[in-house]
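These notes concern the structure reproduced below.
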Amino acid sequence: MLIDDARDRVIVALDCDRERALELAHALSGHARWLKVGMTLFYAEGPKIVRTFKELGFNVFLDLKFYDIPHQVRGAARSASLAGADLLSVHGMGSGAMLAACREGAEDASNERTDRSKLVAITVLTSMNQDSLAEIGIDAPVAEEASRLARLGQANGIDGVVCSPIEANDMRALLGPDALIVTPGVRPKGAALGDQSRVATPAQAIQRGASHIVVGRPITGADDPAAAFDAIVDELAREVD
Ligand code: C5P
């Protein structure tokens, strides 16, 4: 894979406060192209943090995992799109109507921007297992449930899924070549696992079908985050066709 393409495939998760996030954004400018803003940063700083990163030239994955009545999700997707987010996440479990509303909100906002925010569905959270699914009344095997929700997303205008690199293969086969498949749980060779357990290296994740990988602490916790980012990109360029 070309280095330039590899840079577009790595999303850096900034799960930290504003000051550190800005420090990291400046350090990664000219290296990374994508940043992920999650609830921790967004609920402290609001849409202006998305605008700030956009002004610095980054694409932004706003990972707020919408789950509410369709009317509210339509509005949330519209607002998040207007803040400038390039990619948004939504829970597949919220029903086909909610997923369709999410797409409508993004479409609506696209009239006021040059493009439409892309959408990815969370299927079964990787923190959940068979027991926690049973707790909420779902008896299907986890993988079957995840596939069902991925198809529901696709049928309702969602562009792809977030899943573990372990499931990326199956999701790629299920959703086809154009789907976005975003995988966290990625650890470069030799990196600390932290609280991640079902991990793959960046190259393995992409080879298994991920379109994008999300990497946080191995980059944000490194002494030189830009060098850590570049090492991942080099690994992708070397190991992925
Ligand atoms: O620091 P680390 O590389 O573990 O960060 C991974 C990012 O991906 C975090 O923002 C985390 O919330 C997110 N994530 C995850 N596992 C999932 C879904 C999202 O680690 N199943």
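The values are calculated or read from the model by the stated rules, or taken from the named source; none is laboratory data. Because the structure is a prediction, the values reported are computed rather than measured. Cβ sites come from the backbone with ideal geometry, for glycine too, and all protein chains shown count toward neighbours. Heads up: the accessible areas ignore ligands, DNA and RNA and are worked out on the full protein's heavy atoms, side chains in. Shrake-Rupley method; radii C 1.70, N 1.55, O 1.52, S 1.80 Å.
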**Complete:** One finds the C-alpha centres of the range 113-165 and the range 55-83 to be spaced, in Å, by 17 Å
**Fill in**
Once Lys and Arg are counted +1 and Asp and Glu -1 for all other residues with Cβ under 13 Å from that of LYS48, the total becomes +1
**Prompt:** Just by accessible area at a 1.4 angstrom probe, what is the order of LYS65, LYS189, LYS36, LYS118 from largest to smallest?
**Reply:** LYS189, LYS118, LYS65, LYS36
**Complete:** Residue span GLU112 to SER132: 0.36 nm per residue of separation minus Cα-Cα distance leaves a gain in nm of 3.1 nm
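Report, in deg cm²/dmol and to the nearest 500, the calculated mean residue ellipticity at 222 nm for the chain, where each DSSP H run with n ≥ 4 adds -39500 (n - 2.57) and the sum is divided by the residue count.
Value at 222 nm, helices only, nearest 500: -14000 deg cm²/dmol.
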**Prompt:** What is the chain by shape, rounded, prolate or oblate, if you read a ≥ b ≥ c off the alpha carbon gyration tensor as root eigenvalues and call it rounded for a/c under 1.5, prolate for a/b larger than b/c, and oblate otherwise?
**Reply:** oblate
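Tell me the net charge near GLU104. Cut-off is 12 Å between Cβ atoms, GLU104 excluded, with +1 for each Lys or Arg and -1 for each Asp or Glu.
That works out to +2.
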**Proximal lysine pairs, the chain, alpha carbons under 15 Å, eight or more residues apart or interchain** = 5
**Request:** Provide the packing ranking of 234-241, 28-35, 80-87, i.e. peptides ordered by the mean count of other C-beta atoms within 10 Å per residue, highest first.
**Result:** 80-87, 28-35, 234-241
**Request:** Quickly work out the ASP15-to-ALA222 label distance, labels modelled 7 Å from Cα along the C-beta direction, and quote it in nm with one decimal.
**Result:** 1.9 nm
**Asked** Under a GNM of the chain (C-alpha, springs under 10 Å), which listed residue has the highest mean-square fluctuation: ILE206, ILE158, ILE166?
**Response** ILE166
**Message:** How large a share of the accessible area of the chain, in percent, is made up of carbon and sulfur atoms when the probe is 1.4 Å and the other protein chains stay in place?
**Reply:** 49 percent
**Request:** Starting from the Cα of ALA97, step 7 Å along the direction of its Cβ; do the same at LEU56; then give the gap between the two resulting points in nm.
**Result:** 4.1 nm
**Request:** Compute the FRET efficiency between SER29 and ASP170 as 1/(1 + (r/R0)^6), taking r as their Cβ-Cβ distance and R0 = 45 Å, and round to the nearest 0.05.
**Result:** 0.80
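What FRET efficiency comes out for ALA143 versus ASP195 if R0 is 30 angstrom and r is the Cβ-Cβ distance? Round to the nearest 0.05.
Working: r = 22 Å, r/R0 = 0.74.
With R0 = 30 Å, the Cβ-Cβ based efficiency is 0.85.
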**Fill in**
the chain accessible area per residue, 1.4 Å probe, protein heavy atoms, integer Å², reads 45 Å²
**Message:** Which residue, GLY216, ALA173, ALA237, has the largest displacement toward the positive end of the dipole of the range 153-240 when charges sit on each Cβ (Lys, Arg +1; Asp, Glu -1)?
**Reply:** ALA173
**Fill in**
Per the C-alpha gyration tensor (a ≥ b ≥ c, the square roots of its eigenvalues), the range 47-178 is rounded if a/c is under 1.5, else prolate if a/b beats b/c, else oblate; here it's prolate
